[in-house]
Amino acid sequence: MTDDRSIDFSLLSKSGSTCTTHAAGETIFAQGDVGDRMYLVRTGEVEIVHGGRVVDTLGPGEIFGEMALIDGSPRSAEARTKGACELQPIDERAFLSLVRETPYFALDVMRTLALRLRAMNERI
């Protein structure tokens, strides 16, 4: 998801989701944590860390944490802020609402998963 064209923020607000602010270097979640929400980066950047190294840096309009939300497994990596940022948490209820009410949201999430899988395959 490279822009927020498919995110209807009014739907997120109706579901109770509120934007959160985070300081630089803050851990959003650690590897092994329960994944009860995914996140949309509104401003700033978030680093995804696996095995002690940064494997991806995400900016405005990009999502992260979707795998654990979708399959109910523990977090497979750590997410931490690179600088100050605003994040929009999306819990399962908000996720299902977006899938139902917003055209292309589910497709954008699947495209994001596919791109990340392809990038991982290229590193192997």
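No value in this document is a laboratory result; all are computed from the given coordinates. Quick caveat: nothing in here was measured; it's all calculated off a predicted structure. Reconstructed Cβ throughout: ideal geometry from the backbone, glycine too, with neighbour counts over all protein chains shown.
Going by the alpha-carbon gyration tensor, a ≥ b ≥ c the square roots of its eigenvalues, is the stretch 37-104 rounded (a/c under 1.5) or, if a/c is not under 1.5, prolate (a/b greater than b/c) versus oblate? Please report the intermediate quantities before stating the final value.
On the way: a/c = 2.54, a/b = 1.39, b/c = 1.82.
Here the stretch 37-104 falls in the oblate category.
How many angstrom separate the Cα center of the stretch 14-71 from the Cα center of the stretch 93-115?
16
According to a simple spin-label model (label point 7 Å from Cα along Cα-to-Cβ), what is the distance in nm between Glu86 and Asp33?
Distance between label points: 2.1 nm.
When only Cα pairs under 8 Å and 6 or more residues apart are kept, what is the percent relative contact order across the chain? Could the numbers behind the result be given before it?
Numbers: 243 pairs, mean separation 44.2, N = 124.
With pairs under 8 Å counted, the relative contact order is 36 percent.
Add -39500 (n - 2.57) for each DSSP H run of 4 or more in the chain, then divide by its residues: what number comes out at 222 nm, to the nearest 500 deg cm²/dmol?
So the calculated ellipticity at 222 nm is -10000 deg cm²/dmol.
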